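Student: Have a look at the structure that comes next, please.
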Amino acid sequence: MTVAKETLRPETFASGIASVGIGKVVRQIPADEPPALPPNAELTVIGKAAPRHDGRAKVTGAARFTADVSLPGMLHARILRSPLPHARVRSIDTSEAMRHPDVRAILVIADPADMQSATVRYCGAPVAAVAAVSMAAAEDALRLIHVNYEPLSFVVDFDQARADRAPAVYQGGADAPGGHPSGWPAAAGLPLNGNVRGPAVSQRGDVARGFGDADVIVEGEYRTQVQTHCCLEPHGIVADWQTDTLTAYISTQYTTGVRHELAEQFGLPLNRVRVIVDAMGGGFGSKSTLGNYGHTAVELSRRAHAPVRLVLDREEEQIDSGNRPGTWQRLRIGAKRDGTLTAVSLVSFGTAGVGLGAGVGFNAEALYACDNFSGAQHDVFINAGPGCAMRAPGNTPGAFGLEQAIDQLAERLAMDPVILRDRIDPSPVRREERRIGAERIGWERRHTPGADPGIIKRGMGVGQSLWMANVQLDSSCEVRVTRDGSIEVLSGVQDIGTGTGTVMAQTVAEVFGLRAQDITVRIGDTEFPPGPPSYGSRATASITPPARAAAWHALQSLLREAALALNAAPEDLVTRDGRIVVRSSPSRSIRFAEAAARLRTDRISAVASRSDDYPGFLRRMGDAAWARQSLGGVQFAEVAVDTETGIVRVERVVAVQDCGRPINPRLIESQVHGGVLMGLSYALFEDRILDRHTGRMVNPDLEHYKLAGPHETPAIDVVILENYQGNSATDAYGIAEPANIATAPAIANAVYNAIGVRLRSLPITPAAILGALGKIPQRS
Ligand code: MOS
């Protein structure tokens, strides 16, 4: 074990993004791990804004996305989808489609012979699929499939679905997914009552006594809409079933996981399944698994004895690629006059359509210090496409409620919301984030709610985030050094657009004293050592430590050769600026490539896996430690509300975030921009609208489903706090999810501050603003 003590100091990156280190860290390092990495200020490549390793390929169009994969003899698949929200398929006649000369395979998905499979439960549910020699032929063939549906009663309205005699989405419940809400905590085997599953219950202390002890109690009900997944790149797969191997080129957040799914679903040994992904245009939680479309393409390839490409179109993305569940939550918070919380209670109902996982997360339970908590979270089934994980699932809708309730509490206590949070938030990191954020937004300019005179009223608000410092221990990386000095880093891990490959190259380059662009990145292929998933904001935390460890092990072999050449001890050698240098006599050095030329084999290689967190893995450390290890961030928003048109303009967002050791400030800034924009879009625009009479989505495109665009983009000021925790060889954590959580509540609180009326429902549309101001009737 080696122990290193580090004192951290403020640093400003050349990119202009501020980075501030706080505190001290003491770490205990296992013997086979690299020595402690000093703070970023003392490093050459890590912590610097290296350009994306694939940036050039992306902007020139050379990068290969899944839809670009084209194999000899490849077929094109399309899926026939249910036009009805709830129906039983009585019969399905594929004979005419089969006779189409260009059709090579047809798959019946809703099989009339099987009661369970024959029931479709949402508009857009897959019924059958066709593989043909062209897209056009596949489309034609879909029209030649004749389906006889028996319509069943349905419900797509979340409130109606909870009513006593609501149509049952799952008859009798035996066919309903059992699982558990992805709320916090997860609880298995929850009861089903009508369309409602749950509650998942969480409790600590005595909430009744806590409310009894309170000087002040605030209550609120909050509602969030369904947000659909709108990855720039749609879901897609090219499935190539060969006699010896199944290869799936698929836009996925988890190559290793999809390989397992394919092996299980098709009864293949793992070593006969290969999963490949090169460039990706996002996932956000929607590409975590193989999906029904992925299974369909593989089955069609198996039947047609040919590769099959299946890429979803935008309408399919909107109705059947998963979504962020809609939620309703009631929060009640009790506090003493000085702000100390005495009780927090949360009741939530959410809907993930025909799926589960509509909890509102764990903000209310874990963000603030409070001895007494009770939570009850429910899932409500409706006849709509299944929800799935979406950027900080649960916590993003949960924060919309909690952070407004805290804002209400501050007002009731006549306390500044930042000062109230200083009292009740135990995190020293977020305290510093609040201080920096308040200073940068100019919080002292904030007026009392509704006090801005004139038609356009400005306001400021603050919101916080809480996310887990997730790590996947099953994460491996190989580093190869070849005789000419060229270096490769290899792992199954995918880069979904976040820059994973670039941070791996930086991590490896730092070890060898080279530049990031000197490292060849080979990732996104299960032929390489298994990589972690790119979900739960865990890829960087999982893959950079083994990347550094593998590079460090490979370097030790190289240093032995260099030591002979330099007539020095290997321990006395350091790498810098492309050279291996004798530390005690820096005039003696050789070029990195010269050392590599002395290797006895043409290539050396080292593989490393993510070691356990140094002090012992988080899960063994209990709740208090978990809270300290969490990731967070504080965001401040400044808005201008036009009280005549109801239009809310977000003028500025200050986002102060932490992600352990920042590896690449430019990539982090880009991630935070994305998190803020997605949160802003959620707060003001996005809304999946289902027609109550037909069950159809009325806005299944990107014209009527409004996303924030350039015109709505505010000035975004990003500050990254360095927060070394001493848990791994890189101290790095993710940023994607924590950057998304606080935006909507910060905007909602700013809107309240501007107009003096609180909006408790998303999205905050012009109609909602005018309704709240009493200028038009409130939307029911
Ligand atoms: Mo994320 S929603 O864990 O990709």
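Student: When the residues of region 679-713 are filtered to those that are in a helix (DSSP H, G or I) and open to solvent by 30 Å² or more (accessible area, probe 1.4 Å), which remaining residue is farthest from residue 640 (Cα to Cα)?
Tutor: Looking at the filtered set, the residue picked out is 710.
Student: Is one or more of the residues making up region 121-129 surrounded by fewer than 16 Cβ atoms within 10 Å (Cβ to Cβ) and either in contact (Cβ under 8 Å) with a residue 12 or more places away in the chain or within 24 Å of residue 695 (Cα to Cα) (or both)? Before the answer, list the steps.
Tutor: Our first condition is that a residue be surrounded by fewer than 16 Cβ atoms within 10 Å (Cβ to Cβ); within region 121-129, this holds for none.
No - not one qualifying residue is present in region 121-129.
Student: Exactly one condition in (1) more than 28 Å from residue 663 (Cβ to Cβ); (2) outside any loop (DSSP other than H, G, I, E, B) is not met by residue 740; state its number.
Tutor: The failed condition is (1).
Student: Could I ask something else about it? Which ones in region 169-226 are touching a Gly at 6+ places or on another chain (Cβ under 7 Å), of a type in the set (A, V, I, L, M, F, W, C), at pLDDT below 90 and part of a loop (DSSP other than H, G, I, E, B)?
Tutor: 184, 190
Student: Tell me the residue from 384, 389, 399 that is among the aliphatic types (A, V, I, L, M) and out of contact with any strand residue (DSSP E or B) (no Cβ under 8 Å at 6 or more places or on another chain), please.
Tutor: Of 384, 389, 399, the one residue that is among the aliphatic types (A, V, I, L, M) and out of contact with any strand residue (DSSP E or B) (no Cβ under 8 Å at 6 or more places or on another chain) is 389.
Student: Right, another one. Just one of the numbered conditions (1) over 27 Å from residue 675 (Cβ atoms); (2) out of contact with any Gly (no Cβ under 8 Å at 6 or more places or on another chain); (3) assigned to a strand (DSSP E or B) is not true of residue 342; which one?
Tutor: Unmet for residue 342, out of (1) over 27 Å from residue 675 (Cβ atoms); (2) out of contact with any Gly (no Cβ under 8 Å at 6 or more places or on another chain); (3) assigned to a strand (DSSP E or B): (2).
Listed here are the residues, each with its yes/no results for (1) under 18 Å from the mean Cα position of the chain (by Cα); (2) more than 17 Å from residue 400 (Cα to Cα); (3) aromatic (Phe, Trp, Tyr).
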site	(1), (2), (3)
661	no, yes, no
682	yes, no, yes
710	no, yes, no
718	no, yes, no
723	no, yes, no
738	yes, no, no
744	yes, no, no
750	no, no, no
757	no, no, no
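Student: Out of the residues in region 253-281 meeting the condition of being in a helix (DSSP H, G or I) and touching a residue at least 40 places away in the same chain (Cβ under 8 Å), tell me which one is farthest from residue 540 (Cα to Cα).
Tutor: 259
Student: For region 565-578, what are the residues that are in contact with a strand residue (DSSP E or B) (Cβ under 6 Å, 6 or more places away or on another chain), assigned to a strand (DSSP E or B) and open to solvent by 20 Å² or more (accessible area, probe 1.4 Å)?
Tutor: Scanning region 565-578 gives a single hit, 574.
Student: Let me ask something else. Could you please tell me which pairs satisfy a Cβ distance under 6 Å, a separation of 6+ or placement on different chains, a first residue in region 452-472 that is among the basic types (Lys, Arg), and a second residue that is modelled with pLDDT of 95 or more and crowded, with 24+ Cβ neighbours inside 10 Å?
Tutor: Listed pairs, sorted by first residue: 457/641; 457/754; 458/754.
Student: Another one. Looking at region 369-400 only, could you name the residues that are within 16 Å of the ligand (Cβ to nearest atom) and within 26 Å of residue 461 (Cβ to Cβ)?
Tutor: Correct list: 390, 391, 392, 393, 394, 395, 396, 397, 398, 399.
Student: Working only within region 579-616, note down all residues that are open to solvent by less than 20 Å² (accessible area, probe 1.4 Å) and either touching a Gly at 6+ places or on another chain (Cβ under 7 Å) or in a helix (DSSP H, G or I) (or both).
Tutor: 592, 595, 596
Student: Have a look at 485, 499 and point out the one that is away from the ligand (no atom under 16 Å from the Cβ), out of contact with any strand residue (DSSP E or B) (no Cβ under 6 Å at 6 or more places or on another chain) and more than 27 Å from residue 273 (Cβ to Cβ).
Tutor: Testing whether each residue is away from the ligand (no atom under 16 Å from the Cβ), out of contact with any strand residue (DSSP E or B) (no Cβ under 6 Å at 6 or more places or on another chain) and more than 27 Å from residue 273 (Cβ to Cβ) leaves just 485.
Student: Considering every residue within region 277-300, establish whether at least one is more than 30 Å from residue 111 (Cα to Cα) and among the charged types (D, E, K, R).
Tutor: First, pick out the residues of region 277-300 that are more than 30 Å from residue 111 (Cα to Cα): 277-284.
Now narrow it down to the ones that are among the charged types (D, E, K, R): 278.
Yes - at least one qualifying residue is present in region 277-300.
Student: Does region 514-556 hold any residues that are surrounded by 24 or more Cβ atoms within 10 Å (Cβ to Cβ), within 24 Å of residue 581 (Cα to Cα) and either within 16 Å of the ligand (Cβ to nearest atom) or among the β-branched types (Val, Ile, Thr) (or both), and which are they?
Tutor: Correct list: 519 only.
Student: To continue, here is another question. Would you pick out the residues in region 33-68 that are surrounded by 21 or more Cβ atoms within 10 Å (Cβ to Cβ) and either of a type in the set (S, T, N, Q) or more than 29 Å from residue 553 (Cβ to Cβ) (or both)?
Tutor: 40, 66
Student: Just a yes or no: is a residue in region 290-307 within 16 Å of the ligand (Cβ to nearest atom) and closer than 25 Å to residue 696 by Cβ?
Tutor: yes
Student: Looking at region 407-426 only, could you name the residues that are open to solvent by less than 50 Å² (accessible area, probe 1.4 Å) and β-branched (Val, Ile, Thr)?
Tutor: Within region 407-426, 418, 424 meet the criteria.
Student: For residue 562, are the conditions met, namely being within 16 Å of the ligand (Cβ to nearest atom), at pLDDT 95 or above, open to solvent by less than 10 Å² (accessible area, probe 1.4 Å) and not assigned by TED's automatic domain parsing to the domain that holds residue 287?
Tutor: no
Student: Check region 519-532 and report whether any residue there is among the aliphatic types (A, V, I, L, M) and farther than 19 Å from residue 57 by Cβ. Before you say what the answer is, go through the steps one by one.
Tutor: First, pick out the residues of region 519-532 that are among the aliphatic types (A, V, I, L, M): 519, 521, 523.
Then keep just the ones that are farther than 19 Å from residue 57 by Cβ; that gives none.
For region 519-532, residues among the aliphatic types (A, V, I, L, M) and farther than 19 Å from residue 57 by Cβ: absent.
Student: Separate question: Name the single residue, out of those in region 707-751 being among the charged types (D, E, K, R) and touching a Leu at 6+ places or on another chain (Cβ under 9 Å), that is nearest to the ligand (Cβ to nearest atom).
Tutor: Filtering region 707-751 for residues that are among the charged types (D, E, K, R) and touching a Leu at 6+ places or on another chain (Cβ under 9 Å), the one nearest to the ligand (Cβ to nearest atom) comes out as 737.
Conditions tested, residue by residue: (1) buried (at least 24 other Cβ atoms within 10 Å of the Cβ); (2) modelled with pLDDT under 95; (3) within 16 Å of the ligand (Cβ to nearest atom).
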site	(1), (2), (3)
248	yes, no, no
258	yes, no, yes
264	no, no, no
269	no, no, no
276	no, no, no
282	no, no, yes
286	yes, no, yes
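Student: When the residues of region 352-368 are filtered to those that are open to solvent by 10 Å² or more (accessible area, probe 1.4 Å) and away from the ligand (no atom under 16 Å from the Cβ), which remaining residue is nearest to residue 166 (Cα to Cα)?
Tutor: Checking each candidate, the answer is 354.
Student: Could you please find all residues in region 312-341 being more than 23 Å from residue 762 (Cα to Cα) and crowded, with 23+ Cβ neighbours inside 10 Å?
Tutor: 334, 335, listed by residue number.
The values are calculated or read from the model by the stated rules, or taken from the named source; none is laboratory data. Computed from a prediction, not measured in an experiment: that's the story for all the values here. Cβ coordinates were reconstructed from backbone atoms using ideal geometry, including for glycine residues, and neighbour counts include every protein chain displayed. Please note that ligands, DNA and RNA were not included when accessible areas were found on the heavy atoms of the full protein model with its side chains. Shrake-Rupley method; radii C 1.70, N 1.55, O 1.52, S 1.80 Å.
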